[in-house]
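Below is one structure, written out as structure tokens, with a few remarks after it.
The values are calculated or read from the model by the stated rules, or taken from the named source; none is laboratory data. Worth saying up front: this structure is predicted, and the values here are computed from it rather than measured. Glycine gets a Cβ as well: all are built from the backbone with ideal geometry, and neighbour counts include every protein chain shown. Accessible surface is based on the protein model in full, side chains and every heavy atom, while ligands, DNA and RNA are left aside. Shrake-Rupley method; radii C 1.70, N 1.55, O 1.52, S 1.80 Å.
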Amino acid sequence: MSANGPPPLTGKPHIEGMSTVIQNDENSQQQSSSNNQNDQELDNMTEAERSMREEELSFYSNSKNEYGDDTMGGNIYEWYDFAVYGLLAPEIGACFFPDASRELQLINSFGVYLAAFLMRPLGAIVFGEIGDRLVGRKNALVFSILLITVPSILMGMLPVYATWGIVSPILLVLLRMAQGLSVGGQLAGSYVLSIEQSSSRSRGFRGSICDASSIGGFLLASAVTTITRSILSEEQVNVWGWRVPFLFSLILAPALYYIVSHTEESKLWEQGAENKETEEIIREQEPASHDTPAVVDLLSSPFRRRQLIGMIGVLSAQSSSFYTLFLWTPVYLSELRGIMTEQEADLINFFVIGLQIFFVIFAGRMSDTFPHRMDLVRIGLPGIIVAAPTMFGMFESESWLGYVIAQVQFGFCLALIQGVLAAWEVELWMADPTLSFTGVAVGHNIAATVFGGTMPLVATSLYYLSNNMIANMQEDGEEANGGFESVSEYEFMWPRLLPGLYISILGCLSLYCISFVVRHPHDVRTGDSRLQQAVMEQENKAAAKKKKRSSKQTKEKKRKQLEKSLQSGDISSYQPPQVVLS
């Protein structure tokens, strides 16, 4: 040591813990900069845009659910009952609309089919209220099973037009409307109950099981219809044999009722109900607010309205494709085009539906491995856009192999979408368990009504339009060149693609909505850092608010318990405040 003092310091000074302080300060500055940037964006927004942004961030931060225990269920029965009518449309049309031409009989029969779809949005509202606000998801499903069983059995016993006259088709419409009311809540209920009991790593697979079971209902309906037409003669089927598949419901209903009634209630919904009861303790002395229906709460929010519109747009291609492939195509190949008999068309349909079940489950499992739930849908939609007109083009091949491959390739592209949608739909609304049933049910059933229920009528009308176009082309060819040789086979083919081109247009609509309209919780995974930072801030605010509310609830509960004990004269649990003298 020098006599003049300690030697001069060399190198960089070091204070223990200083590097951590510096690092934290840098992180704080970065976070502050990000906060300032987000605040500036909010300042530049209008009141409506700011409200939409806040709801969007709240949606992202509240959409997590890990109550899953990965149990499974199904909904084969209701979709069996709903599908039987479509497969037996020619026979039903002849029995209940005998005075009409064969073409009008089919159109009238599909018109009655549409009547059931018109009731589905109403069923969505009714069962959404039951499932979200009253008795829970499981009991809503039980009610829907009971509601669809009675009309199905009565349809199998309903006298035809020759017996009761105009009363018969009127009753047929009313019974179909009752069925539609039930289905309006059933599929959405099975989606919500299953997905809310799933962990995030298995929702796609669990949702695909729900859809596979609904396709299984179509498979069972196709099998029973095929067997009925094979065993009975055509005359017997037209007179009374069409009733057999409806009466088969007597065997299926008890089995499904037993399964659903022994299913556990959604833990997410139960937790939400418990939270509501606890909050009522705090609000006891506040002015009571009027409870509004779930559908009103759903439509009162600009963000939720956008989600609903986007959801309907996304489902447009799937709904139209589903009912085209499994209900209208067998009628097209047999009744309209006469390419094959009804039994042969039903047999191909049975095979395609069986494959579709495996395709859907495969797609659901695959969707759990993608970074974003919508990635597989964005792959499937371009496939649908191309596959739909391709299927109708291959129907002109005059080859059985071509008929089968046409439907299989279309079904595979459809499965890439359908296997994902159950989980995707529920995740759109999972942020609020008191609205999720209603959100899924209303969006799904409006899409099914507008694009699925109308599809047989639209496709049949387009088929007759294509016939007129081909007839006009033949006449023009005769006048111009004295024969048909001047018009090529390809020119005759493209009018046949009209139903497929209609689906392609809807596919473009779906692709736009899923890319630019709808928001999904997985956006945070694949979004930019600013979105992730904003969602993190929202989650921190929500956590602090929840902690404060929980503390307030605990204190209020203790106060209530203490008041109750003092009023009853029990002071053993009372602990007076401790005063410490220093």
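What number goes with the only condition from (1) over 13 Å from Gln179 (Cα atoms); (2) among the small types (Gly, Ala, Ser); (3) crowded, with 24+ Cβ neighbours inside 10 Å that Ala94 does not pass?
(3) is the only condition that Ala94 fails.
Which one is farthest from Leu158 (Cα to Cα), of the residues in region 187-205 that are in contact with an Asp or Glu (Cβ under 7 Å, 6 or more places away or on another chain) and open to solvent by less than 10 Å² (accessible area, probe 1.4 Å)?
Per the stated criteria, the residue is Ser199.
Taking the stated definitions as given, is Ile361 closer than 19 Å to Ile503 by Cβ and either open to solvent by less than 10 Å² (accessible area, probe 1.4 Å) or in contact (Cβ under 8 Å) with a residue 60 or more places away in the chain (or both)?
No: the conditions fail for Ile361.
Taking the condition modelled with pLDDT of 70 or more, in contact with a Pro (Cβ under 8 Å, 6 or more places away or on another chain) and open to solvent by less than 90 Å² (accessible area, probe 1.4 Å), does Ser515 pass?
No, not satisfied.
Can you tell me how many residues within region 293-347 are part of a helix (DSSP H, G or I) and more than 30 Å from Arg519 (Cα to Cα)? Explain how you work it out, then say what you get.
Initial filter on region 293-347 (part of a helix (DSSP H, G or I)): 294-299, 302-336, 342-347.
Retained after the next criterion (residues that are more than 30 Å from Arg519 (Cα to Cα)): 326-336, 342-347.
Selection size over region 293-347: 17.
On the given criteria, is Gln418 under 16 Å from Thr324 (Cα atoms) and in contact with an Asp or Glu (Cβ under 6 Å, 6 or more places away or on another chain)?
yes
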